[in-house]
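The values are calculated or read from the model by the stated rules, or taken from the named source; none is laboratory data. Keep in mind that this is a model prediction, so the values were computed, not measured. Positions of Cβ are backbone-derived with ideal geometry, glycine not excepted, and every protein chain shown enters the neighbour counts.
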């Protein structure tokens, strides 16, 4: 088994050769977890032992610990999502901030992760929020709704939904900001603007928001009250479209959507709700899996992988 040496136990995003690990007040690291050449074997894996036996032996002899990484400071990193050359972060009291990681594998750069490579005068990729807890991007593809389309290519328009990032905030509820400038190929105009940002928390119902997930034109948000469904067909004018606040969920922490089901972690463990009608979530009590420290989760095909605190990672077949 491969372990991360000295790195935090916060949120993790794997992409290519690097795993980006959020570490709360210690910022985040980009951790090398694969070989640089083809086959790009995960270090410590069976393929690694076959394709790179000398490197595999060196890794095992060193205690099977990953130690090569590059770091950047942060206020209180709660969530990270990689898209293209940018790492989007929910930075706690630092709000929403985007870091440039294009040169993380370029040894000629003294600082491989930067917040403003063009200088602070030519780039400002952050939006202040009270306490950002998570972020959702509709897609990890660099989709630009404002891109010029050539008629002879018969290109379909890209929905405005893809121009925005959706941020859950512990005090402000939902913050929506236009980040299309980060996918237009021009690094000189990378300014995120307050004038293109919406803060949404009607009657305080989203206060305490812990997580947000995007699916379709809807956001699914967990708060201490339960689960809320937010319609963002018009991202600048969101509205509450549904909720599950009948006590089935106890202090929910995270939500993931797959097909017509929502997977939610709370004080009891992992719970599932039926989202066949997205505006009317229906609990499925018999599907509850008891876990004592359930936190963030990831759903892939028929399994849900749950961060279960001191008990490690729990995987549940679903």
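Scanning segment 235-248 for residues that are more than 22 Å from the chain's Cα centre (by Cα) and in a loop (DSSP other than H, G, I, E, B) returns 237, 245, 246, 247, 248.
The rows are residues; the columns are (1) more than 21 Å from the chain's Cα centre (by Cα); (2) within 15 Å of residue 220 (Cα to Cα).
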| residue | (1), (2) |
| --- | --- |
| 280 | yes, yes |
| 284 | yes, no |
| 294 | no, no |
| 304 | no, no |
| 309 | no, no |
| 313 | no, no |
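Would you be able to say whether some residue in segment 115-130 is more than 19 Å from residue 194 (Cα to Cα) and surrounded by 20 or more Cβ atoms within 10 Å (Cβ to Cβ)? No: zero hits.
Of everything in segment 1-33 that is surrounded by fewer than 19 Cβ atoms within 10 Å (Cβ to Cβ) and over 23 Å from residue 310 (Cα atoms), the residue that is modelled with the lowest pLDDT is 15.
I'd like to check something: does segment 85-104 contain any residue that is more than 13 Å from residue 182 (Cβ to Cβ) and either outside the structural domain of residue 214 (by TED's automatic domain parsing) or over 24 Å from the mean Cα position of the chain (by Cα) (or both)? For segment 85-104, residues more than 13 Å from residue 182 (Cβ to Cβ) and either outside the structural domain of residue 214 (by TED's automatic domain parsing) or over 24 Å from the mean Cα position of the chain (by Cα) (or both): absent.
For every residue, the table says whether it meets (1) in contact (Cβ under 8 Å) with a residue 60 or more places away in the chain; (2) farther than 24 Å from residue 260 by Cβ; (3) in the same structural domain as residue 141 (by TED's automatic domain parsing); (4) not in a strand (DSSP E or B).
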| residue | (1), (2), (3), (4) |
| --- | --- |
| 182 | yes, yes, yes, yes |
| 185 | no, yes, yes, yes |
| 198 | no, yes, yes, no |
| 203 | no, yes, yes, yes |
| 207 | no, yes, yes, yes |
| 214 | yes, no, yes, no |
| 220 | no, no, yes, no |
| 227 | no, no, yes, no |
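Residues considered: 165, 175. Of these, the only one that is part of a strand (DSSP E or B), in the same structural domain as residue 224 (by TED's automatic domain parsing) and under 23 Å from residue 258 (Cα atoms) is 165. Looking across segment 73-84, the residues that are touching a strand residue (DSSP E or B) at 6+ places or on another chain (Cβ under 8 Å) and over 13 Å from residue 141 (Cβ atoms) come down to 74, 75, 76, 77, 78, 79, 80.
Please work out if residue 287 is modelled with pLDDT under 95, touching a strand residue (DSSP E or B) at 6+ places or on another chain (Cβ under 7 Å) and either outside the structural domain of residue 313 (by TED's automatic domain parsing) or farther than 20 Å from residue 178 by Cα (or both). Walk me through it before giving the result.
On the way: modelled with pLDDT under 95: yes; touching a strand residue (DSSP E or B) at 6+ places or on another chain (Cβ under 7 Å): yes; either outside the structural domain of residue 313 (by TED's automatic domain parsing) or farther than 20 Å from residue 178 by Cα (or both): yes.
So residue 287 passes the test.
For segment 69-86, residues that are closer than 19 Å to residue 129 by Cβ and surrounded by fewer than 19 Cβ atoms within 10 Å (Cβ to Cβ) total 2. I'm trying to understand the selection: among the residues of segment 300-315, which are surrounded by 19 or more Cβ atoms within 10 Å (Cβ to Cβ) and farther than 12 Å from residue 265 by Cα? Matches in segment 300-315: none. Scan segment 38-50 for residues that are under 21 Å from residue 19 (Cα atoms) and in a helix (DSSP H, G or I) and jot them down. The answer is 46, 47, 48, 49.
Restricting to strands (runs of 3 or more DSSP E) lying wholly in segment 53-116: which have 2 or more residues that are in contact (Cβ under 8 Å) with a residue 60 or more places away in the chain?
Numbers: elements: 69-72, 79-83, 86-90, 96-100.
Where strands (runs of 3 or more DSSP E) fall fully within segment 53-116 and carry at least 2 residues being in contact (Cβ under 8 Å) with a residue 60 or more places away in the chain, they are 79-83, 86-90, 96-100.
In the set 252, 278, which member is within 21 Å of residue 168 (Cα to Cα) and touching a residue at least 60 places away in the same chain (Cβ under 8 Å)? From the options 252, 278, the qualifying one is 278.
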